[in-house]
Amino acid sequence: MTETQIKILEAQFEARIANDEKIEPKDWMPEKYRKTHIRQMSQHAHSEIIGMLPEGNWISRAPSLRRKVALLAKVQDEAGHGLYLYSACETLGITREELYEQLHSGKAKYSSIFNYPTITWADIGAIGWLVDGAAIINQVPLCNTSFGPYACAMVRVCKEESFHQRQGYEIMLTLCKGTVEQKAMAQDALNRWWWPALMMLGPTDDQSVHTAQSMKWKLKRKTNDELRQQFIDQTVPQADILGIKIPDSDLKWNADKGSYDFGEIDWDEFWQVVKGHGPCNKQRMKARVSAWENGAWVRDAAMAYAEKNK
Amino acid sequence: MEIIIKKIPACAGNIMKKNWPLWEVFVRSKNGLDHRHFGSLHAADEEMALENARDVYTRRNEGVSIWVVESKHIRASNPDNNGELFEPAKDKVYRHPTFYILPDELKHM
């Protein structure tokens with residue numbers, strides 16, 4: 001194809017997106033659109049898969065059967081969400097094995113929030129409330145993204161995600177209504193998860209390299225800063241109901257702009273964790289890679305059995 | 001040397017490297033409705049594909065029946081040919097009831 005032909009195709013493509021048409025896997029698309037989608041969708045899928053690890057840590061120690069079945073169901077949903085997203089990503093011509101290889105080699109990233117440890121039961125509450133809360137804010141606009149399979153997967157993910165946040169908040173509520181020690185545990189979890197949850201919504205707009213292009217392709221409908229503000233505004237009253245305090249002395253209502261002002265985020269910490277120096281990066285990758293490697297004989301045996309029965 | 005390698009039964013090396021194929025999943029949400037494409041997944045064989053489809057796509061009573069088919073068996077039309085495939089239908093307005101001009105007083109038609 002000549003450069004002029006590509007330019008024409010690109011112009012038609014951009015017009016389709018501007019017109020709110022969906023792009024399907026076999027449609028012509030600019031190479032950069034394909035690559036950007038593989039990057040973002042796989043990163044999203046990897047986050048679901050790695051996201052099972054901090055919570056899986058507490059399934060066997062959940063304080064009641066009610067909490068245990070809920071947490072099991074939540075973690076199972078995350079496996080499911082990872083699978084929806086991997087298959088949507090594969091429609092762009094990359095194989096599942098390549099995607100896993102990118103995760104295991106560290107070439108692909110996953111959300112840095114999962115590199116923090118879950119040291120008390122209250123962390124499971126805080127994750128559901130804050131981490132899933134931030135994830136929902138990120139994901140709801142993606143139900144309208146331009147790439148058809150991604151939008152379809154996100155519709156299903158969002159439908160299932162609301163239970164995750166509610167079960168987390170209920171855990172926090174129970175702790176906050178409990179003994180002094182239990183409430184202190186909830187406060188401690190909020191102290192540790194608040195700032196990482198804010199970072200989860202991504203670098204500030206002036207630092208975000210992908211925002212402009214992603215907005216154009218409707219891969220993003222709101223900027224990171226807008227999403228973060230929305231998250232803070234809706235979460236502060238929720239903390240008030242719990243009766244615990246958000247660990248930010250600069251946090252205060254700004255009547256003029258109709259939203260909260262908040263303190264400086266420690267972006268050095270964010271970039272350190274992204275670069276692999278968070279508290280649990282190595283532990284997470286090790287758990288993931290060893291699960292994959294130790295399961296190899298099962299996958300091979302299943303395939304051998306299938307071949308034999310053909 | 002080559003001949004010897006070929007004589008080794010197709011166990012070890014060959015099968016070890018074979019990845020689980022991709023399957024397409026279709027779910028009927030309730031009786032009276034068609035099966036609809038829900039997504040895809042990887043599985044070693046059709047039984048496993050059905051079981052995985054149940055776990056991945058019907059965790060909340062989304063279905064009463066599941067079909068799975070290995071993706072390689074699906075022949076899909078190419079969007080580049082959409083013109084020749086679908087455009088001819090566009091100018092055949094006489095296939096639609098509104099094409100026929102009938103008096104207003106005519107009822108039940």
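The values are calculated or read from the model by the stated rules, or taken from the named source; none is laboratory data. Quantities reported herein were computed from a predicted structural model and do not represent experimental measurements. Note: ideal-geometry Cβ built from the backbone for every residue, glycine included; neighbour counts use all protein chains shown. Surface accessibility is based on the protein's heavy atoms, side chains included, excluding ligands, DNA and RNA. Shrake-Rupley method; radii C 1.70, N 1.55, O 1.52, S 1.80 Å.
Observations
- Binned Cα-Cα distance frequencies in the range A:156-200 - 5 Å width, integer %: 5, 20, 19, 23, 19, 9, 4, 1
- Sites listed here are chymotrypsin sites (Phe, Trp or Tyr not before Pro) in the range B:62-96 whose DSSP assignment is loop and whose Cβ has at most 15 other Cβ atoms within 10 Å, and the list is empty.
- Site pair A:LYS252 and B:ARG59 shows an inter-label distance of 4.4 nm when each label is modelled 7 Å from Cα along Cα→Cβ.
- Surface per residue (accessible, 1.4 Å probe) for the range A:169-287, Å²: 53 Å²
- Rounded FRET efficiency, nearest 0.05, which uses the C-beta distance separating B:LYS90 from A:TRP267 and R0 of 41 Å: 0.15
- Simple label model, 7 Å out from Cα along Cβ direction - A:LYS26 to B:VAL69, nm: 1.3 nm
- q = 0.16 Å⁻¹: log10 I(q)/I(0) that the Debye formula gives for the range A:1-146, counting C-alpha atoms only: -0.93
- Reduced Cα scattering model of the range B:48-109, Debye log10 I(q)/I(0), q = 0.26 Å⁻¹: -1.09
- Calculated translational diffusion coefficient of the range A:248-288 (20 °C, 1.002 mPa s; Stokes-Einstein with Kirkwood radius over alpha-carbon pairs) equals 168 µm²/s.
- Across the range A:139-217, the convex hull enclosing all Cα atoms gives 94 Å³ per residue.
- Rg over Rh for the range A:20-73 works out to 1.30, using Cα positions for both radii and the Kirkwood form for Rh.
- Label zone at A:GLN182, where the point sits 7 Å out along the Cα-to-Cβ direction: the range A:18-62 residues whose backbone N lies under 16 Å: A:62
- Computed over the protein assembly as shown, the quotient of the alpha carbon radius of gyration and 2.2 N^0.38 Å is 1.16.
- Peptide A:299-308, shielding by other chains (average Cβ, 10 Å cutoff): 6
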